[in-house]
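Colleague: Here's a structure for you.
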Amino acid sequence: SQQGEEDPQALSIQEGENATMNCSYKTSINNLQWYRQNSGRGLVHLILIRSNEREKHSGRLRVTLDTSKKSSSLLITASRAADTASYFCATDDLDSNYQLIWGAGTKLIIKP
Amino acid sequence: EAGVTQSPTHLIKTRGQQATLRCSPISGHTSVYWYQQALGLGLQFLLWYDEGEERNRGNFPPRFSGRQFPNYSSELNVNALELEDSALYLCASSLEGSYEQFFGPGTRLTVL
């Protein structure tokens, strides 16, 4: 079953603007990950944030995690056309070892 | 380092036939995951193999099966194909004890 739910389902912004996507989940987790998928291709790992971390940065990416609200956000600053992709959050389930539970994704379109 | 590879890239079958999809994980990775992604949707977990054993399977009928070989490569078999089996099938691998998954480019299965 899908645990994560991304919000919004789709987002269209101008190049150079910031893009924020949110993910909510239901159970206790060890960590949360964000992945990117370019059209019809494999997913690429972006960032992993552990349950005891509140914020993490990687280049133009900033991820926050609020375990009390069971939610995470992914911020992409100074967006570029190449950021156009679908973004998925994935959480582990404490009962499922290393199996990940995936959200439905946010489709991000960056307009030049 | 070579990434996860999948073959074939595209596969066209007719309803009722069988399909075999193959995946080679990154060298040193012992876990292989299979996902189904219907057009425009999120990832649906199919199967998880680790050290040659099936660790878990998603909510799919028994006609979806697979195996993992001693070299950790894996095969997904879909019997009695139905039209709704048309999708992108993604394989991912991970290191033992790691939550991060590395994805292959996928196999696009079309059932006519």
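Values quoted throughout were computed directly from the atomic coordinates according to the rules given, and no laboratory measurement underlies them. None of the values given here were measured: they were computed from a predicted structure. Reconstructed Cβ throughout: ideal geometry from the backbone, glycine too, with neighbour counts over all protein chains shown.
Colleague: Excluding A:V63 itself, what net charge comes from residues whose Cβ is under 10 Å from its Cβ, given Lys and Arg +1 and Asp and Glu -1?
Modeller: Local net charge: +1.
Colleague: Identify, among B:G28, B:Q44, B:L81, the residue whose Cα sits farthest towards the positive end of the charge dipole of the stretch B:5-111, taking +1 on the Cβ of Lys and Arg and -1 on the Cβ of Asp and Glu, with the dipole about the Cα centre.
Modeller: Toward the positive end, the furthest listed residue is B:L81.
Colleague: Another one. Test of understanding: what is the full-extension gain from B:T14 to B:L41, defined as 0.36 nm times their sequence separation minus their Cα-Cα distance?
Modeller: Extra length from B:T14 to B:L41 when fully extended: 7.4 nm.
Colleague: A further question follows. Counting other beta carbons within 10 Å of each residue's own, what order do A:F88, B:F60, B:F102 fall into, fewest first? Before the final figure, lay out the partial values.
Modeller: Values: A:F88 25, B:F60 16, B:F102 21.
So the residues, fewest neighbours to most, are B:F60, B:F102, A:F88.
Colleague: Something else: Treating the protein assembly as shown as a set of equal point scatterers at the Cα positions, no solvent, please give the Debye-formula log₁₀ I(q)/I(0) at q = 0.15, 0.16, 0.17, 0.18 Å⁻¹.
Modeller: Per q value, in the given order, log10 I(q)/I(0) is -0.99, -1.10, -1.22, -1.32.
Colleague: Still on this model: Treating the beta-carbon of each Lys and Arg as +1 and of each Asp and Glu as -1, no other charges, what is the dipole magnitude of the stretch B:60-112 about its Cα centre, to the nearest 20 debye?
Modeller: In total the dipole reaches around 120 debye.
Colleague: Also, I was wondering about something else. So what are the three principal axis dimensions of chain A from its Cα atoms, in whole Å, longest to shortest?
Modeller: Sorted largest first, the three principal extents are 44, 28, 20 Å.
Colleague: How high is the relative contact order of chain A? Use alpha-carbon pairs under 8 Å, at least six apart in sequence, and give a whole percent.
Modeller: Computed over chain A, the figure is 39 percent.
Colleague: Given Cβ point charges of +1 (Lys, Arg) and -1 (Asp, Glu) and nothing else, what value in debye, to the nearest 20, does the dipole of the stretch A:5-111 about its Cα centre take?
Modeller: It works out to roughly 240 debye.
Colleague: Moving on to the next point. Between B:S98 and A:N52, how many nm apart are label points set 7 Å from Cα along the C-beta direction?
Modeller: Those two pseudo-labels are separated by 2.2 nm.
Colleague: Under 8 Å for C-alpha pairs, at least 6 residues apart: give me the relative contact order for chain B, rounded to a whole percent.
Modeller: 37 percent
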